[in-house]
Amino acid sequence: MDIVLSGIRPTGNLHLGNYFGAMVNFLKMQETYKCFFFIADWHALTTHPDPKALNANVKNVLAEYLACGLDPEKSTLYVQSDVPEIAELYLLLNMQAYLGELEKTVSFKEKARQNPNNVNAGLLTYPVLQAADILIHNADYVPVGKDQEQHLEMTRNFAKRFNHRYGVDYFKEPKAFASDSQQMIKIPGLDGSGKMGKSEGNCIYLTDEPKAIEKKVKGALTDNGPEGENTSKPEYIENLFTILKVVSTPEMVTHYDNLWNAGEQRWYGNLKKQLAEDIIKTTAPIRERINDIKNNDDYLNEVIKKGAEKARESAAKTIREVREIIGLTKL
Ligand code: TRP
């Protein structure tokens with residue numbers, strides 16, 4: 001069975017865009033593939049987070065992923081720092097990662113520019129650690145966004161280089177999970193911008209209370225209404241329809257589409273009310289589960305422990321074989 005692997009940085013809360021984008025795909029994947037999902041807490045250290053905040057974020061992400069429906073029985077769900085084998089593979093891969101190629105990485109150059117006072121070696125070798133994450137389980141597929149494609153390309157290069165240097169056919173070259181087969185739905189922001197994203201401040205979070213959701217939707221950018229019959233919608237109105245399509249019924253979407261096409265005015269208030277109501281319907285059960293899980297440390301600890309065991313079993317096998325290939329086995 002093909003192996004799918006994805007790493008999640010422990011920063012911030014999940015918003016609607018994350019849910020209908022990556023998460024819905026993860027939920028499908030766990031039914032069909034052997035999946036590894038992990039929280040990349042070592043990667044988070046490159047920006048020197050406050051220890052308490054880091055800890056809380058790892059717990060947060062885990063609770064949110066479980067609440068969305070990632071199933072620790074079906075997938076292997078673990079925390080990166082619980083698997084020391086990844087660190088060993090990272091060390092070994094570092095021996096064949098060249099300074100020149102690491103310095104040229106787009107994500108590194110960007111971080112170095114944004115934060116000139118913290119250009120640390122962990123930042124430089126971030127792609128090597130990511131390659132170790134992927135190669136430790138010899139994953140076939142990695143569902144990645146555009147910003148991660150170069151890291152995946154580098155992973156393939158490290159895998160090829162290793163195979164070539166030692167004359168083996170050991171590491172697979174992991175492929176991106178093609179976005180057309182992923183049917184990634186892009187959820188726009190409420191401010192008329194193209195994408196819901198936490199840096200844009202236009203998000204509805206899964207943990208938002210109904211009151212907060214109503215307020216955010218009410219504040220979404222609109223105008224006076226269509227200027228005639230059958231005109232095309234401006235982007236910020238199209239955006240509201242895009243969200244309506246994923247949380248509401250097709251009949252509801254048709255209803256408001258008809259109002260738009262008829263060139264009628266004064267129905268945005270109703271549209272927003274409906275939209276808020278249906279968003280709340282979608283997120284409320286998830287929010288309640290997040291809260292329940294966060295209050296259940298025993299359950300969280302059990303999930304983490306089981307996940308680490310499963311991940312380490314697969315990782316230990318790789319490390320044993322890699323040591324042998326490299327010549328690190330003892331006499
Ligand atoms: N770099 C990824 C991100 O910023 C997180 C990540 C770490 C990852 N290791 C990974 C993703 C391995 C996929 C596979 O989102």
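Quick notes
- Scanning segment 313-326 for residues that are closer than 16 Å to LEU93 by Cβ and touching a helix residue (DSSP H, G or I) at 6+ places or on another chain (Cβ under 9 Å) yields ALA315, THR318, ILE319, VAL322, ARG323, ILE325, ILE326.
- Of everything listed in (1) surrounded by fewer than 18 Cβ atoms within 10 Å (Cβ to Cβ); (2) within 14 Å of the ligand (Cβ to nearest atom), the single unmet condition for ALA121 is (2).
- Test result for GLY17, free of Cβ contacts under 8 Å to residues at least 60 places away in the same chain and more than 13 Å from the ligand (Cβ to nearest atom): no
- Scanning segment 4-15 for residues that are open to solvent by 20 Å² or more (accessible area, probe 1.4 Å), more than 13 Å from the chain's Cα centre (by Cα) and modelled with pLDDT under 95 turns up nothing.
- Helices (runs of 4 or more DSSP H) fully within segment 130-229 counting 1 or more residues that are away from the ligand (no atom under 16 Å from the Cβ), touching a residue at least 12 places away in the same chain (Cβ under 8 Å) and crowded, with 21+ Cβ neighbours inside 10 Å: 149-166, 210-218
- Being among the charged types (D, E, K, R) and buried (at least 18 other Cβ atoms within 10 Å of the Cβ) is not true of GLU73.
- Each residue in segment 314-331 was checked for being free of Cβ contacts under 8 Å to residues at least 60 places away in the same chain and under 22 Å from PHE162 (Cβ atoms), and 8 of them qualify.
- Scanning segment 110-129 for residues that are part of a helix (DSSP H, G or I) and without any contact (Cβ under 8 Å) to a residue 40 or more places away in the chain yields a total of 8.
- Being more than 14 Å from ALA139 (Cβ to Cβ) and not in a loop (DSSP other than H, G, I, E, B) is a description that does not apply to ASN13.
- Looking only at segment 83-114, and only at residues there that are more than 23 Å from the chain's Cα centre (by Cα) and among the polar types (S, T, N, Q), the one that is most open to solvent (accessible area, probe 1.4 Å): ASN94
- Whichever residue in segment 79-118 is away from the ligand (no atom under 16 Å from the Cβ) and of a type in the set (Lys, Arg) and, among such residues, is farthest from THR46 (Cα to Cα): LYS104
- Residue check for ALA308: assigned by TED's automatic domain parsing to the domain that holds VAL24, at negative phi and in contact with a helix residue (DSSP H, G or I) (Cβ under 6 Å, 6 or more places away or on another chain): yes
- Take the conditions (1) small (Gly, Ala, Ser); (2) more than 13 Å from the ligand (Cβ to nearest atom); (3) surrounded by 15 or more Cβ atoms within 10 Å (Cβ to Cβ); (4) at pLDDT 95 or above; ALA56 misses just one of them, which is (3).
- The requirement of being within 12 Å of the ligand (Cβ to nearest atom) and either of a type in the set (Gly, Ala, Ser) or in a helix (DSSP H, G or I) (or both) is fulfilled somewhere in segment 59-75, by at least one residue.
The values are calculated or read from the model by the stated rules, or taken from the named source; none is laboratory data. Bear in mind the structure is a predicted one, so any value in this text is a computation, not a measurement. We place every Cβ from the backbone using ideal geometry, glycine too, and count neighbours over all the protein chains shown. The area values use the complete protein model at the heavy-atom level, side chains included, leaving out ligands, DNA and RNA. Shrake-Rupley method; radii C 1.70, N 1.55, O 1.52, S 1.80 Å.
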